[in-house]
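The structure under discussion appears below in the form of structure tokens.
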Amino acid sequence: MKINADFSKRAVVRPEDYAWAPSPAAGVERMMLDRVGDEVARATSLVRFAPGSRFDAHSHGGGEEFLVLEGVFSDETGDFPAGSYVRNPIGTSHTPHTDPGCTILVKLHQFAEDDTAHFSVDTKTAAFRPGMVDGLSVLPLHTASNENVALVRWAPGTRFTPHQHRGGEEVFVLEGIFQDEHGSYPAGSWIRSPHLSTHAPWSDAGCLIYVKTGHLAFAAA
């Protein structure tokens, strides 16, 4: 299966584009944003768990990264409410479940071999730091040999300077509306910009975004 599998091309999915598909587990649905492979795949997806649903025990052959968007995600290591950012490196395993239901943004099989950090961050309580321009604040989440991950909060009316993405950029809009010269992206939008792409983003209304950079040059190759 291939979905948005050409990493040299820009890809955008907005909420009106969502098409949820059942997973192998009852009560668990997926909205596939990009995918290379079948059930075991390099994948970026939204995954929606109905209340009381479970997923079979499985290992992470290429690592797993997820951000809880709604509800509470649980496994053997604990309960992760909305705003939790979790990294499960290559070789880890778990049995996910949820009592109230949840929705997560999850990325699979995208870890570098030397990226062995196993941790979680409560982004609702973590401290943001000032960004590179007035109106931006940043919560760094992770840095590895192939990527940088952060949450970035944009105050209303904030503009960023034009810039180029060495290694590409991936954005998921968590709150508000993110904008650039290519379009407007409401909460729930996913934007993947390839290696060496350029833009000059802003937000009139303000927004909160998940951002990953530096990882797409390797994917395109």
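The values are calculated or read from the model by the stated rules, or taken from the named source; none is laboratory data. Just so it is clear, the structure is predicted and the values come from calculations on it, not from any experiment. For neighbour counting, all protein chains shown are included, and Cβ atoms are generated from backbone atoms with ideal geometry for every residue, glycine included. For accessibility, only protein heavy atoms count, side chains too; no ligands or nucleic acids. Shrake-Rupley method; radii C 1.70, N 1.55, O 1.52, S 1.80 Å.
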- Item | Per residue solvent-accessible surface (Å²) - region 152-221, probe of 1.4 Å | 41
- Message: Along its three principal axes, how long is region 121-221 when you only count alpha carbons? Whole Å, largest extent first please.
- Response: 37, 32, 24
- Message: List the residues, sorted by chain then number, that are 5 or more residues from GLU70 or on another chain and whose placed amide H is less than 5 Å from its amide H.
- Response: THR103
- Out of ALA150, GLY52, GLY83 - ranked by how far each Cα lies towards the positive end of the dipole of the chain, with unit charges on the beta-carbon of charged residues - the top one is ALA150
- From the residues THR125, SER93, GLN110, which one has its Cα farthest along the dipole of region 80-134 in the positive direction, the dipole being from +1 and -1 charges on Cβ of Lys/Arg and Asp/Glu about the Cα centre? THR125
- Query: Counting pairs of alpha carbon atoms under 8 Å apart in space and at least six apart in sequence, what relative contact order in percent does the chain give?
  - Reply: 18
- Task: Work out Dmax and Rg for the chain from the C-alpha atoms and quote the Rg first, both in angstrom.
- Result: 16.7, 47
- For ALA127 and ALA50 in the same chain, what is the full-extension length gain: residue separation times 0.36 nm, less their Cα-Cα distance, in nm? 24.6 nm
- Whole number in Å², please: accessible area per residue of region 73-142, 1.4 Å probe, ligands, DNA and RNA not counted. 48
- Query: Once both labels are modelled 7 Å past Cα along the beta-carbon direction, what's the THR198-ILE3 spacing in nm?
  - Reply: 3.3
- Excluding ligands, DNA and RNA, the carbon-plus-sulfur percentage of the accessible area of region 167-217 with a 1.4 Å probe reads 59
- Please give the FRET efficiency for THR116 paired with VAL12, using the beta carbon to beta carbon distance and R0 = 35 Å, rounded to the nearest 0.05. 0.60
